[in-house]
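Every number in this text was worked out from the coordinates using simple rules, so none of it is lab data. Owing to the predicted nature of the structure, the values given are computational and were not obtained by experimental measurement. Here the Cβ positions follow ideal geometry from the backbone for every residue, glycine too, while neighbour counts run over all protein chains shown.
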Amino acid sequence: MKGSNAMTKTVTLADGTVLPALGMGTWNMGETGGTRFQDEVASLRYGLDAGLRVIDTAEMYGNGRSESLVGEAIFPQRDKVFLVSKVLPSNASADGVATACRNSLRRLGTDRLDLYLLHWRGGVPLGETIQAFRKLKQEGLIRHWGVSNFDVEDILELEEYTRPGECVVNQILYSLEHRGVEYDLLDADRHRNIVTMAYSPIGQGGALLQNKALKAVAARHKTSTGPATPAQIALAWVLRQRNMLAIPKAGTVAHLKQNIAAQDIELTEADLTDLDQAFAPPSRKVSLEMI
């Protein structure tokens, strides 16, 4: 691994905070104990030592077990971390947000979150949730707030309740398989200085990685860890976007090293053309997809 590899690309939040464009997701982590738990802790710690900094979790993941895992991983080095968690829509009321945040902080073993997101839209009025976020910020329990799974119409509604620069992130599904957001949402976020955070950037369950075009592109590239893999190409493809922070999950150090090395890859115009033919970009508005 190159010494500065983990910091090759960055994104900048509305207040000027600079973050590495590659972070670490924790969906489905912390579900079991034993060796797997220790591997997951080791992976997160390796990433922090490599400079990745951003760790994303949520109260929903494993009913809090993911947050507990993250708390274990960051315990010796909290100040290295830009820590992200998410509140469920069912907890998005004024009182619910306050309680959920404190519960997340307890599981994470910390006194503050760097970023707190509304996981998706629910029945609670958006203005009430935003006021709750503002109160948490005033109390010093969160440094920034944002949203997740917001489409363009949601972003437009958000503007009715917020000042420019208040909402700093929109976390969405984005990968070669899920490109609908390229039609309008990515530009809508950029225009408002909202960083787009891509979850599941290399797909779920591996079906994406069996694609022939993706394998053919991978065969043309090498990384610091060896010949490029389809997963590394898929991740490099997401990271090429401006204003994009990707949070793939890596349950082992070996897997995380592969993710970090994906930043070595510079996709060519021919690569992008081949991938466009295999995974067509949107030609019309597509409703935001979620998993």
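Quick notes on this structure:
- Taking the C-alpha atoms of the chain, convex hull volume expressed per residue in Å³: 121
- Measuring how big the stretch 1-133 is from its alpha-carbon positions, Rg and Dmax come out at 15.3, 47 Å.
- With distances taken between every two different alpha-carbon atoms, the stretch 194-291 has a Kirkwood hydrodynamic radius of 14.2 Å.
- Backbone phi angles across the stretch 268-285, fed through the Karplus curve with coefficients 6.51, -1.76 and 1.60 (θ = phi - 60°), yield HN-Hα couplings of 8, 4, 5, 4, 5, 5, 4, 6, 4, 5, 7, 10, 5, x, x, 10, 7, 4 Hz in residue order; Gly and Pro are listed as x.
- If you model the stretch 16-56 as an ellipsoid using its alpha carbon gyration tensor, with each semi-axis the square root of five times an eigenvalue, the axes come out at 23, 11, 5 Å, biggest first.
- Put the Cα centre of the stretch 172-241 next to the Cα centre of the stretch 33-72 and the gap is 22 Å.
- In terms of overall dimensions, the stretch 50-113 has a Cα radius of gyration and Dmax of 11.6, 38 angstrom.
- Semi-axes of the equivalent ellipsoid for the stretch 150-201, computed as √(5λ) from the eigenvalues of its C-alpha gyration tensor and ordered from largest down, come to 20, 11, 9 Å.
- Within the stretch 44-85: Cβ-based charge dipole about Cα centre, in debye rounded to nearest 20 (Lys, Arg +1; Asp, Glu -1): 100
- Amide H within-cut-off set for Val54, under 5 Å, with H built and near neighbours excluded: Met24, Phe82
- Cα-based helix-to-principal-axis angle, 126-138 vs the chain, degrees rounded to 10: 80
- For the chain: relative contact order, % (alpha-carbon pairs under 8 angstrom, 6 or more apart): 20
- Placing unit charges on the Cβ atoms only, positive for Lys and Arg and negative for Asp and Glu, gives the chain a dipole magnitude near 720 debye about its Cα centre.
- The Rg/Rh ratio for the stretch 59-166 is 0.97, where Rg is the radius of gyration of the alpha carbons and Rh is the Kirkwood radius.
- P(r) weight above 21 Å for the stretch 118-234, C-alpha pairs, percent: 50
- Within a straight-line Cα-Cα reach of under 19 Å, Lys212 can be paired with the following aspartates and glutamates, leaving aside sequence neighbours fewer than 8 residues apart in one chain: Glu177, Glu269, Asp271, Asp274, Asp276.
- Lysines with Cα under 25 Å of Lys215, excluding same-chain neighbours fewer than 8 positions away: Lys2, Lys9, Lys249, Lys257
- Most tightly packed first, judged by the mean number of other beta-carbon atoms within 10 Å of their residues, the peptides 191-198, 133-140 read 191-198, 133-140.
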